[in-house]
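Asker: Encoded as structure tokens, here's the structure I'll be asking about.
The values are calculated or read from the model by the stated rules, or taken from the named source; none is laboratory data. Remember, it's a predicted structure, so these values are computed and weren't measured experimentally. Every residue, glycine among them, receives a Cβ derived from its backbone with ideal geometry; neighbour counts consider all protein chains shown.
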Amino acid sequence: MHSAILARAAFVLILAITAQLPAHAEGVPEPEFYRMDAYRSPTPATLRGARVVAADEAFALWREGAAMFVDVMPRPPKPEGLPEGTIWRDRPRQTIPRAVWLPNVGYGRLAAETDGYFRRNLEVLSGGDKAKPLVFFCLADCWMSWNAAKRAREEYGYTRVIWFREGTDGWLFPEAPLVPAEPLP
């Protein structure tokens, strides 16, 4: 009897929690331009002009070597006001094997230096081929990869842009576990 009450209470608690979670993609419209704030919030299910892939399809592209994977997860900024002599260490980033990490290129507005960094590195990674398949990702519910994929397609002219909207949160493949990443200089 006591265990039945506990089980029912746990079920009610789970229902209450999941009812308060944000909708994953249903009803999230694509903005006309770039997302400028609230980068960690539900994303649309689509990106006009780009192909959107789920984890299994992303894994197939990775396994076949059919696309270049570009991680756009931002680097956490060094906190202001740290006492002199404080050692700051970036939080480690785990990414998809063979992916290239280009941090901070997914913001809605890029500084000229960051824009140049993004353009130059995509040029190198694609070998100058605007039709090279490029898979952009960061985390689930992260607009950084949506913005970066949109920018690569609309501003830089890449024609085979792929958005892996689940990012590293959806990369759950034991045969290819996430690996430590270092950003491309």
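Asker: So in the range 75-104, with the set limited to residues that are under 16 Å from TRP171 (Cα atoms) and not polar (S, T, N, Q), which one is surrounded by the fewest Cβ atoms within 10 Å (Cβ to Cβ)? Break it down into steps so the answer makes sense when it comes.
Answerer: Residues of the range 75-104 under 16 Å from TRP171 (Cα atoms): 93-101.
Imposing the further condition that a residue be not polar (S, T, N, Q) reduces the set to 93, 96-101.
On the way: ARG93: 20, ILE96: 25, PRO97: 13, ARG98: 11, ALA99: 19, VAL100: 20, TRP101: 19.
So the residue we want is ARG98.
Asker: What are the pairs with Cβ atoms under 9 angstrom where one residue, in the range 40-67, is at positive phi and the other, located anywhere, is surrounded by fewer than 19 Cβ atoms within 10 Å (Cβ to Cβ)? Sequence gap at least six, or different chains.
Answerer: From the range 40-67, the pairs are GLY49/GLU154; GLY49/THR159; GLY65/ARG98.
Asker: Take GLU30 and tell me if it is at pLDDT 50 or above and surrounded by 10 or more Cβ atoms within 10 Å (Cβ to Cβ).
Answerer: Here the answer is yes, as GLU30 does meet what is asked.
Asker: Does the range 68-101 hold any residues that are without any contact (Cβ under 8 Å) to a residue 60 or more places away in the chain and polar (S, T, N, Q), and which are they?
Answerer: If the condition is that a residue be without any contact (Cβ under 8 Å) to a residue 60 or more places away in the chain and polar (S, T, N, Q), then THR86 is the only one that fits.
Conditions (1) modelled with pLDDT of 90 or more; (2) of a type in the set (D, E, K, R); (3) within 22 Å of ASN147 (Cα to Cα); (4) touching a Phe, Trp or Tyr at 6+ places or on another chain (Cβ under 6 Å), marked per residue:
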| site | (1), (2), (3), (4) |
| --- | --- |
| SER3 | no, no, no, no |
| ARG35 | yes, yes, yes, yes |
| TYR39 | yes, no, yes, yes |
| PHE69 | yes, no, yes, no |
| GLY81 | no, no, no, no |
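Asker: Please return the ranges of strands (runs of 3 or more DSSP E) entirely within the range 130-185 where 1 or more residues are touching a residue at least 24 places away in the same chain (Cβ under 8 Å), farther than 14 Å from VAL53 by Cα and out of contact with any Gly (no Cβ under 8 Å at 6 or more places or on another chain).
Answerer: It comes to 179-181.
Asker: So if I check each of PHE173, PHE137, which one is touching a helix residue (DSSP H, G or I) at 6+ places or on another chain (Cβ under 6 Å), surrounded by fewer than 18 Cβ atoms within 10 Å (Cβ to Cβ) and aromatic (Phe, Trp, Tyr)?
Answerer: PHE173
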